[in-house]
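The values are calculated or read from the model by the stated rules, or taken from the named source; none is laboratory data. As the structure is a computational prediction, the values presented were derived from the model and not from experiment. Cβ coordinates were reconstructed from backbone atoms using ideal geometry, including for glycine residues, and neighbour counts include every protein chain displayed. Heads up: the accessible areas ignore ligands, DNA and RNA and are worked out on the full protein's heavy atoms, side chains in. Shrake-Rupley method; radii C 1.70, N 1.55, O 1.52, S 1.80 Å.
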Amino acid sequence: MNRLKLAASLLALAAATPALSQTVAPIGATVPTAQGGANGVALLRNPSDPAKSVILASGELGGLEAYGLDGQRTGATPGGETYAVDVRDDLIAVLDRKEGRLRLSRYDFASGKTTAIGARPLTLGYAGEGVCLHRSARDGALYAFSLGGAGQLDQWLLYPTADGKMDGRIVRRLTLSSEAKFCVADDASGALYVAQEAVGVWRYDADPEAEAVPTLIDANRLGKIQGEVGGLAVFNGGKGGNYLVAANVEAGAFNVYDRNADDRFLGAFQVAIDSPSGLYGLRAPVGASLPAGALLIADDRKQGANSKIVSWADVAAALKLPVGEDAPAVAPSKLALVQASMETTPVANDGDAADDPAIWVHPTDPAQSTIIGTNKKRGLMVYDLSGKLLQDLPDGKMNNVDVRHGFKLAGKSVALVAASDRTHKSIALYTVDPATRMLTSVADGHIPTGLSDPYGLCMYQDRKGETFVFIGDPDGLMRQWKLTATAAGKVRALPVRDLKFDTQTEGCVADDETGALYVAEEDVALWKLGADAKTGSAKTAIARIADNPALKDDLEGVAIYAQPKGKGYVIVSSQGNNTYAVFRREGDNAYVGSFAVNANGASGIDGISETDGLEVTSASLGAGLEGGAFVAQDGRNVSPPENQNFKLVPWSVIAEKLKL
Ligand code: CA
Ligand code: CA
Ligand code: CA
Ligand code: CA
Ligand code: CA
């Protein structure tokens, strides 16, 4: 080779091989697996004596093998073809490729025994290539991700059953275009990393209600990965040092990415390994020889497949990287967590279609009450309290809806429903027939709003029994109309006041008893002003997004839980963090706390996220709902993935969790 050629090939090598590359020697290795093959490894840290932690490795037909930190085998649990393994606390999830299922067990450090705890086989429907676990920092829910050869990436919610076992159900299916074998989730940040064999490393949000759009961290060929990735591991040492490691098999290297800098590539190190096939990282002391934790590498070599043990302190020293903190502070969630007891039939349109609910309370039989919901691409729907669709009214793009009882029409007292109709830029008005629970239009012809786009809507009934409707547009204008009955039994609207906000409003609610009007200016604050037209436009912010860390824009639906003597609560949807903030109805509307609605594993009802409209009633809705109910639009109706819908939480559950 002449000098020029040599220089060129060295340059090519430099481009393909990461600049920082140091060799790190393992501090030990396990004995080979009994029947050959090593495709996954995990470390069960013994919390009372970390030096007595246990290495678990998938020994294929030999089952799940256990070793001490000295590498000696201490036991094996048979189970089909054990192909991948992950752990959380004392819980073990194993991918059995022979039966195409997940196996769940618990490890007892005292006896060294594993006990199967699966309530039933969690069948994948494919052989399976990999598995990883995730525990949500937000709500403590435990998830498993199973990977398949055709690009399957299924998210399972694992939940305890009454008899102390664990069951699971698929809550989200993320499909990749080709085979993915390895994944790892970081519990503190909620990041899920997936290695897709032909493409590279992706990062997802592990929350099943999050947007399912991944970020590409590194790409084969074009990035710092030469061929396929042979395993992923996370070392979360908090702000001091937080890393992702990917086995860059063809380069014979392990790439390190900075999780504190959007997974920027930092460098690489080498370990003498034949065939890396699964990594496990733990950033916590594991005895004297592993002061900053361990990187375990399954080495699936032809002869003597085993797992290598690398000290994370050695890796950090070799790459001159800060090793980070032993136990980075994870702020414990102060959120009250509740679960929905009912979800409605999905709306007819896909995408962002469902928007706002109202609750009609039956005058004599509370269990016959209904939920009236908007489909902003189609019209109004009426659901019974089991979520069944009773009526579908394709009358226009209805955005928000509200209801008031006791409207005098044609000599009778009726329930009047108002909705903002974006198709006709009008006010849609209906009555509810208590016998059939159906809606009938009573608008006196087309009632124009004069707004560029009628958006948010709420109704108000003053102490004299006069009924009003407020509708806002996207430019901050809010108009108020008085609703009056005509001699012919129709309803017409007379504009009485315009209110102006600096930016877009949508959610609003009027308090019939106190005369307060609450309006959510989406990016700014929840405002309180007078609902009576003569009260003027003076307003006070009861909560500003900039001041209350519990609030994250947009602020959306607002509702009131009314109790006697002006007491109760005002609830607003904090859409940006999928929570609901609760304020006192009385006095200065002090902030009480926030709650979130998470998935109910046993019933299969998913959590509620990205809520636009919501409604609350303190009226009894029958057995189990004597204290009223909270109803909210769910922006992501998962498990199984379906069009958006509305979900109901008994108020008693919210009151208990928030100690109201
Ligand atoms: Ca929406
Ligand atoms: Ca509403
Ligand atoms: Ca909005
Ligand atoms: Ca949901
Ligand atoms: Ca659902």
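Things to note:
- Efficiency of FRET between K320 and N260 - r from beta-carbon atoms, R0 22 angstrom, step 0.05: 0.90
- FRET efficiency for the A272 to E656 pair, using the beta carbon distance and R₀ = 56 Å, is estimated at 0.45.
- Extension gain for the segment R463 to K565, taken as residue separation times 0.36 nm less the Cα-Cα distance, is 35.3 nm to one decimal.
- For segment 276-321, pairs of C-alpha atoms spaced more than 18 angstrom apart make up 33 percent of the total.
- Against the chain, whose longest principal axis is taken from its Cα atoms, helix 3-16 shows a tilt of about 40°.
- The string of couplings for segment 249-255 from the Karplus curve (6.51, -1.76, 1.60, θ = phi - 60°) is 4, 5, 7, x, 9, 10, 7 Hz, one whole number per residue in order, with x for Gly and Pro.
- With distances taken between every two different alpha-carbon atoms, segment 336-658 has a Kirkwood hydrodynamic radius of 19.2 Å.
- Out-of-range pairs (alpha-carbon distance over 28 Å; input K113/K165; K376/K647; K539/K657; K408/K657): K539/K657; K408/K657
- The smallest convex shape that holds all Cα atoms of segment 26-156, its convex hull, gives 122 Å³ per residue.
- Percentage relative contact order, the chain, counting C-alpha pairs under 8 Å, at least six apart: 9
- Of the beta bridges in the chain, as assigned by DSSP with both residues counted there, near 95 percent are antiparallel.
- Here, the chain yields an orientationally averaged convex hull projection of 33.4 nm² when only Cα atoms define the hull.
- By average C-beta atoms within 10 angstrom, highest first, the peptides 453-460, 601-608, 543-550: 453-460, 601-608, 543-550
- Anchor K659: lysines whose Cα lies under 17 Å away (excluding residues fewer than 8 positions away in-chain): K334, K567
- Convex hull of alpha carbon positions in segment 3-319: directionally averaged projected area 16.3 nm².
- D205 - accessible surface, heavy atoms, 1.4 Å probe, Å² rounded to 10: 70
- Rounded to the nearest 500, the 222 nm mean residue ellipticity of the chain from helices alone is -1000 deg cm²/dmol, with -39,500 (n - 2.57) taken per DSSP H run of at least 4 residues.
- Per residue, the accessible area of the chain comes to 39 Å², computed with a 1.4 Å probe over protein heavy atoms only.
- Debye-formula intensities of segment 459-580, expressed as log10 I(q)/I(0) at q = 0.17 Å⁻¹, are -0.86 (one equal scatterer per alpha-carbon, no solvent).
- Cα centroid separation, segment 283-319 to segment 630-660 (Å): 44
- Computed E for A623/T23 - FRET, C-beta separation, R0 51 angstrom, nearest 0.05: 0.15
- Charged neighbours of G118, selected by a Cβ distance under 13 Å, balance to +2 (K, R count +1; D, E count -1).
- Added length on full extension, which subtracts the Cα-Cα distance from 0.36 nm per residue, A51 to T215: 55.3 nm
- Element breakdown for the chain at a 1.4 angstrom probe: carbon and sulfur atoms account for 52% of the accessible area.
- Partner aspartates and glutamates whose Cα lies under 19 Å from the Cα of K565, excluding those fewer than 8 positions away in the same chain, are identified as D462, D511, D512, E513, E586, D588.
- Kirkwood radius for segment 165-264, taken over all pairs of different Cα atoms as the inverse mean of 1/r, rounds to 14.1 Å.
- Point-charge dipole on Cβ atoms (K/R +1, D/E -1) for the chain, about Cα centre, debye to 20: 240
- Among the listed pairs K412/K464; K464/K500; K239/K320, those beyond 20 Å (Cα-Cα): K464/K500
- Beta bridges per DSSP with both ends in segment 3-319, % antiparallel, nearest 5: 95
- Of the residues A590, L614, A367, the one whose Cα sits farthest toward the positive end of the charge dipole of segment 336-658, with +1 on the Cβ of Lys and Arg and -1 on the Cβ of Asp and Glu, is A367.
- Among A25, N643, G387 - extreme Cα towards positive end, dipole of the chain, charges at beta-carbon: A25
- Cα lying deepest toward the dipole's positive end in the chain, options T484, S289, A599, charges on Cβ: S289
- H424 exposes around 90 Å² of accessible area when a 1.4 Å probe is run over every protein chain in place.
- Backbone N under 16 Å from the D163 label point (7 Å along Cα→Cβ), restricted to segment 121-135: 121-122
- Student exercise, segment 457-580 dipole from Lys, Arg, Asp, Glu Cβ charges, in Debye to nearest 20: 660
- Each Lys and Arg Cβ is given +1 and each Asp and Glu Cβ -1; about its Cα centre, segment 3-319 then shows a dipole of about 340 debye.
- Set of aspartates and glutamates with alpha-carbon distance to K224 below 19 Å, sequence-local pairs under 8 removed: E197, E250, D258, D262, D263
- Integer Hz, Karplus 6.51/-1.76/1.60 couplings in order for segment 474-488, x for Gly and Pro: x, 9, x, 7, 10, 10, 10, 10, 9, 9, 10, 7, 9, 4, 7
- Semi-axis lengths (Å, descending) of the ellipsoid that matches the C-alpha gyration tensor of segment 257-360: 45, 21, 16
- Using θ = phi - 60° and Karplus 6.51 cos²θ - 1.76 cosθ + 1.60, couplings along segment 613-626 (whole Hz; Gly, Pro as x): x, 8, 8, 9, 9, 9, 6, 5, 10, x, 4, x, 10, 5
- Spin-label model, D433 to A488: label points 7 Å out along the Cα-to-beta-carbon direction sit 2.1 nm apart.
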